[in-house]
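The values are calculated or read from the model by the stated rules, or taken from the named source; none is laboratory data. All of these numbers come straight from a predicted model, not from anything done at the bench. Because the Cβ atoms are built from the backbone with ideal geometry, glycine has one as well, and the counts that use them run over all protein chains shown.
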Amino acid sequence: MRILKYLFLLLLLSLVALSIFIATQKGDFTVERSKVINSPKSAVFNFVNDFKNWEDFGSWAVEDPEIKITYPQNTIGKGASYSWEGKSGSGEIKTIFVKENDSISQKMNSDGTMSDVFWSFKDTVGGTKVTWRTKGKMSFLFKIYSAFNGGVEKIIGGLYEKSLANLDKTLDYEINTYSVKVEGLVKKPETFYLHQTFTSKISSVIKNYKIVSPKIILFCEKNNLTITGKPFILYHTYDVVNGLAKISICVPIKDQIFTSEGSDLYSGKLEAFEAVKTVLTGDYSHRQKALDKTSQYLNTNRLAPDATFSHLEIYSTSKTEIKNPSKWVTEIYHPIKPKVEAIKIYKTAVIKTEEVLKTEPVVKTDEAIKTEPVAKPKPVVKKPTAPKKEEEESEF
């Protein structure tokens, strides 16, 4: 019995000593990992910038099928966030700063361990170099966990290595697999819609669409407005040189309405128009290739664009229906001027009175017509010809 007491006391002292040792250890840490991702920088940046994509590459989510992830309304850009609960713990992360196509700064709380998370994206040979760095201070529980699992460098570094490998694999196929098909001339019917209009960087259009379109849909649901199709973007202008576009993010509705004064949503009406339809199957990052192919079709077929607006994009299959970017479908419509058929015009002959007077004899009906007597031909009298003298006879 006494031996058990000594063993218990020894164990207790060991735990206390270990706790003191762990508690006095330096809790600050910095972990960094980098990898070249075989995809364009804009595509990689946009994918990472949306927290809804993290469950597709984050190793803590990929390896835990029972993880519970909660998304707020905003998951993209500054102010975006999400939280999770899984077998390896729970936590929350929030984006506090974004530099377009360059870097992202975030704050994370993972089971009480606070850290600053930083992403950078750089063009390099073979794709995009992605650097993922975390700097923070370990909680007491995390110190214990790291002490028994090889240290913070191994724990967090291992998670980042697996996650970056998943990111490369996901983007290499999903982002780079696409197709573009020009389907030719179509007629778009008249459409009523609710919209929000503003000027945006072309590179930020999709991000803005993901933020604004859910707000318009929620407005329709709260006000019992019937939505008649997929959300779309109306490009009023498209300035490639300056990278800017004036856009309206729209949701089609059954009937035209009038919104209250001061609202940032307005009602609009799109008249029926003729357009060239192009279908992009794949990630939105290939949209410019679809626009270029449409321009070639217009030039080849000598079709004149209608300057009423630049073009219209309908997201018929998007991330709300399917996660895989390779299966997203975007319909693009370029308005054109209707062809005018040539009509032959026949001019009636005009007879000028003056010409008639010059070419036709004038007949007077109120005066007697004077005529010259016609001289009869004199008879031709043939004069008799003198008879020829006979030749004198010869002397011989």
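Looking only at residues that are closer than 24 Å to residue 206 by Cβ and surrounded by 17 or more Cβ atoms within 10 Å (Cβ to Cβ) in the range 53-72, which one is farthest from the chain's Cα centre (by Cα)?
Filtering the range 53-72 for residues closer than 24 Å to residue 206 by Cβ gives 53-58, 61, 69-72.
When the remaining residues are screened for being surrounded by 17 or more Cβ atoms within 10 Å (Cβ to Cβ), the result is 53-58, 61.
Details: 53: 19, 54: 22, 55: 24, 56: 22, 57: 24, 58: 27, 61: 29 Å.
Ranking the candidates gives 61 first.
Report whether or not residue 84 is buried (at least 18 other Cβ atoms within 10 Å of the Cβ) and not in a helix (DSSP H, G or I). Break it down into steps so the answer makes sense when it comes.
Values: buried (at least 18 other Cβ atoms within 10 Å of the Cβ): yes; not in a helix (DSSP H, G or I): yes.
Yes.
Could you list, in sequence order, all residues of the range 228-284 that are under 14 Å from residue 311 (Cα atoms) and not in a strand (DSSP E or B)?
Those that are under 14 Å from residue 311 (Cα atoms) and not in a strand (DSSP E or B): 240, 271, 272.
Looking at (1) closer than 29 Å to residue 124 by Cβ; (2) in a loop (DSSP other than H, G, I, E, B), which is the one condition that is false for residue 98?
It fails just one condition, (2).
Is there any pair linking a residue in the range 29-43 that is more than 16 Å from residue 168 (Cβ to Cβ) to one that is in a strand (DSSP E or B) and basic (Lys, Arg), with Cβ under 6 Å and at least six apart or on different chains, and which?
30/135; 32/133
Suppose the filter is part of a loop (DSSP other than H, G, I, E, B), aliphatic (A, V, I, L, M) and in contact (Cβ under 8 Å) with a residue 24 or more places away in the chain; does residue 225 pass it?
Details: part of a loop (DSSP other than H, G, I, E, B): yes; aliphatic (A, V, I, L, M): yes; in contact (Cβ under 8 Å) with a residue 24 or more places away in the chain: yes.
So residue 225 fits the description; yes.
Where in the range 111-222 are the helices (runs of 4 or more DSSP H), entirely inside, with at least 3 residues that are of a type outside the set (D, E, K, R), crowded, with 17+ Cβ neighbours inside 10 Å and assigned by TED's automatic domain parsing to the domain that holds residue 266?
Working: elements: 140-147, 152-174, 205-222.
Per the criteria, 205-222.
Within the bounds of the range 248-263, is there any residue that is surrounded by fewer than 13 Cβ atoms within 10 Å (Cβ to Cβ), more than 21 Å from the chain's Cα centre (by Cα) and of a type in the set (Asp, Glu)?
yes
Looking at (1) at pLDDT 90 or above; (2) surrounded by 18 or more Cβ atoms within 10 Å (Cβ to Cβ), which is the only condition residue 43 fails?
(1)
Residue 330 - would you say it is closer than 25 Å to residue 203 by Cα and at pLDDT 95 or above?
Numbers: closer than 25 Å to residue 203 by Cα: yes; at pLDDT 95 or above: yes.
Criteria met by residue 330.
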